[in-house]
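Okay, so here's the structure we're looking at.
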Amino acid sequence: MWSKAASILALASVAVAQSKGFNYGSTNADGRCRGPDDFVHFFNEAKSLPGAPGFNTARLYTSIQCGTPDYPISAFQAAIDTNTTLLVGLWASAGRDVIENELKALLRAARELGPAFTDKVMGISVGSEDLYRSSPQGVANKAGAGATGAEIEGYIARVKDQIRGTGLESKPIGHVDTWTAWVLPENRGVAKAVSWLGHNSFPYFENTRPNAIDEAQANFYAAVGQTESVSDGKPVWITETGWPRLGPKSGSAVASLENSKRYWQEVGCSLFGARNTFWYTLKDANVAQTDISFAITPPQNNTPFFDLTCHK
Ligand SMILES: *[C@@H]1O[C@H](CO)[C@@H](O)[C@H](O)[C@H]1NC(C)=O
């Protein structure tokens, strides 16, 4: 009896094990398009990080290969080659024509790569921070082009319609945004339309309240609570969080190796295995963020800047 109970418990804990991964854009830090070799290289480095096993999942922002109008991103084939799970992304802030091209690329991959690809897909995100960028806060921060809640709802309906009858039909559709955008009343329809809510939050950037590293864990979970307040009990996946090793002071938040390490330990280690989590990030690659570094490894290799071992 005991051993049976124990094995049922073991099965239950296997069933709830959550994905761990990083975020991957379609270009490198120098603006060069990422190709298959880049993605294979990063995915293998992520899986063999010293002190942090199990980072076998990748979140993408777009399904289109950089430099092409509508060809599938080479990360899809790289995921097959490296046995990496994918949280697929569709870029939703560049208008209807681009969303159609995103879908075209995704559906072509499903057709041509077949189950080798679709079996690796854990979900599809329709957009990333589009609601934030179109919110008063995003506009004030000159965050760039976004999309409204009504537009994202329309795109979600379109994606659901188009994946019907393909190998992607059963994949949970979500959307990724900041908690400040999720809680706006005009975005409630998006929260209703998705199967999971992607939560991006960086206590480092939230400088309108006390945001020193000492407060970071409490601030992070308060932000998650805000997104959960509109999720109707649906899962909230942590799609981006991290703390910079280098960068300017942000309110009382200091970018440093020590604080980056502490945030990994206090926030990262509390999430890994407990919730689907995509850390920001493995490699610096944001051409708009040259004065700040969130990377946990240097460009040349996967030797972490600090000890990644979780202490509990
Ligand atoms: C691929 O990864 C999954 C976990 O995501 C694992 O269960 C499986 O054994 C791996 N397959 C191979 C061939 O390594």
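The values are calculated or read from the model by the stated rules, or taken from the named source; none is laboratory data. No experiment lies behind these values; they were computed from the predicted model shown. Neighbour counts run over all protein chains shown; Cβ positions are idealised from the backbone, glycine included.
A compact table of results
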{"quantity": "Sole exception among (1) within 13 Å of the ligand (Cβ to nearest atom); (2) in contact (Cβ under 8 Å) with a residue 60 or more places away in the chain; (3) of a type outside the set (Asp, Glu); (4) touching a helix residue (DSSP H, G or I) at 6+ places or on another chain (Cβ under 8 Å) for Leu90, by number", "calculated": "(1)"}
{"quantity": "Cβ pairs under 7 Å, 6+ apart, first in region 249-274 and under 15 Å from Glu215 (Cα atoms), second in a helix (DSSP H, G or I) and among the aromatic types (Phe, Trp, Tyr)", "calculated": "Val267/Phe220"}
{"quantity": "Residue match in region 189-197 (condition: surrounded by fewer than 17 Cβ atoms within 10 Å (Cβ to Cβ) and at positive phi)", "calculated": "no"}
{"quantity": "Residue tally, condition among the β-branched types (Val, Ile, Thr), within 16 Å of the chain's Cα centre (by Cα) and away from the ligand (no atom under 14 Å from the Cβ), over region 45-65", "calculated": "1"}
{"quantity": "Qualifying residue in region 268-279 (condition: at pLDDT 95 or above, part of a helix (DSSP H, G or I) and aliphatic (A, V, I, L, M))", "calculated": "yes"}
{"quantity": "Checking Val254 against (1) surrounded by 21 or more Cβ atoms within 10 Å (Cβ to Cβ); (2) more than 21 Å from the chain's Cα centre (by Cα), the condition it does not meet", "calculated": "(1)"}
{"quantity": "Filtered residues of region 218-230 (kept if out of contact with any Phe, Trp or Tyr (no Cβ under 8 Å at 6 or more places or on another chain) and closer than 19 Å to Ser270 by Cβ)", "calculated": "Ala218, Asn219, Phe220, Tyr221, Ala222, Gly225, Glu228"}
{"quantity": "Residue match in region 222-241 (condition: closer than 22 Å to Glu206 by Cβ, in contact with a helix residue (DSSP H, G or I) (Cβ under 9 Å, 6 or more places away or on another chain) and exposed (fewer than 15 other Cβ atoms within 10 Å of the Cβ))", "calculated": "yes"}
{"quantity": "Filtered residues of region 122-147 (kept if free of Cβ contacts under 8 Å to residues at least 40 places away in the same chain and over 20 Å from the mean Cα position of the chain (by Cα))", "calculated": "Pro136, Val139, Ala140, Asn141, Lys142"}
{"quantity": "Pair list, Cβ under 7 Å, 6 or more apart: region 66-87 residue within 16 Å of the ligand (Cβ to nearest atom), other residue of a type in the set (Val, Ile, Thr)", "calculated": "Ala78/Val40; Asp81/Val40; Thr82/Val40; Thr84/Thr57; Thr85/Thr57; Leu86/Val121; Leu87/Thr57"}
